[in-house]
Amino acid sequence: MYERTIDDTVTTFGVSGKLWRDSMIMYDRATESLWSHITGECFRGAHEGAKLAVVPSTQTTWAEWRTHHPGSRILFKPGGKGEGSHYRRYFDDPARFGIHGRGIDDDRLAGKDLVLGVRFGDDRVAYPIAAFGDASVRNDSIAGVPVVLIYMKESEAVHVYERTADEKTVHFEPVIAENGLLMRDRETGSLWNPARGEGIEGPRAGNRLERIPATKIFWFAWQTFYPRSRIGGID
């Protein structure tokens with residue numbers, strides 16, 4: 001998700017119908033410049049080289065989202081019968097990689113493995129979703145910055161935050177509560193809501209962690225854009 005402001009001017013985007021590196025290309029209606037939806041960067045046209053500001057977002061289920069944000073509005077586009085079924089065979093076939101096939105010979109992961117791709121500072125990291133398992137809260141560092149990754153098993157949502165509170169590095173651990181997964185910081189024992197990155201009980205109640213944008217994506221697609229990406233350790 002991106003802000004749609006370019007040079008202090010709000011604009012609108014459409015789907016160009018073209019592909020770049022097997023991914024959708026957007027265009028802005030003001031100049032018809034072409035933009036990558038993976039990187040948010042304009043690669044052709046009047047705004048070439050410009051980047052859209054990222055808005056952190058979460059891929060989750062409606063049930064989980066509604067639990068944490070009961071007053072949310074819904075962006076809904078009515079669809080026909082069987083909507084989404086056109087791509088089911090593609091998603092389920094481990095040997096099919098886009099239209100042009102797998103362009104980079106990098107077998108660190110299977111091409112259709114889902115990863116959480118993170119771009120932060122000069123670092124590019126891919127965390128295999130399957131490696132999270134049942135251990136839902138992981139402490140790590142990206143570009144030298146301490147981070148925490150939280151995997152919500154039921155909804156398959158993954159949240160990434162800087163793990164700094166009160167200007168101090170925080171270490172988190174999972175807590176299984178009656179209403180689902182929470183996390184506790186070891187330094188003060190405070191409880192945190194992982195979906196909102198908010199302290200809800202203890203000395204740090206009311207504190208908010210800084211969210212880091214991340215993308216859930218197939219490994220072959222991520223490495224097409226970031227071939228030097230490292231694989232994040234989920235120990």
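Label sites at residue 4 and residue 61, each approximated as a point 7 angstrom past Cα along Cα to Cβ, lie 3.1 nm apart. So what is log10(I(q)/I(0)) for the chain at q = 0.08, 0.14 1/Å, when the Debye sum runs over its Cα atoms only? Treating every Cα as an identical point scatterer, log10 I(q)/I(0) equals -0.35, -1.08.
Charge tally around residue 146: other residues with Cβ under 9 Å, Lys/Arg +1 each, Asp/Glu -1 each, net -1. For GluC sites (Glu not before Pro), the sites in segment 124-227 that DSSP calls loop and that have at most 14 other Cβ atoms within 10 Å are 154, 167, 178, 210. Distance from the C-alpha centroid of segment 29-70 to that of segment 125-174: 22 Å, rounded to the whole angstrom. Largest GNM mean-square fluctuation across 24, 183, 152, computed for the chain with C-alpha springs under 10 Å, falls on 24. Could you tally the net charge around residue 229, taking each other residue with its Cβ under 10 Å from the Cβ of residue 229, Lys/Arg +1 and Asp/Glu -1? The answer is +3. Taking 21 Å as the limit for the C-alpha separation, the pairs 18/51; 51/153; 51/168 exceed it in the case of 51/153; 51/168. Relative protection proxy for 117-126, 137-146, from highest mean packing down: 117-126, 137-146 (other beta-carbon atoms within 10 angstrom).
With the gyration tensor restricted to C-alpha atoms of segment 118-235, the semi-axes of the equivalent ellipsoid amount to 25, 16, 11 Å, longest first. Treating r as the C-beta distance of residue 18 and residue 156 and R0 as 30 Å, the FRET efficiency rounds to 0.50.
All of the numbers you see were taken from the coordinates with simple rules; none came from a lab. Quick caveat: nothing in here was measured; it's all calculated off a predicted structure. Ideal geometry is used to build each Cβ from the backbone, glycine not excepted, and the neighbour counts take in all protein chains shown.
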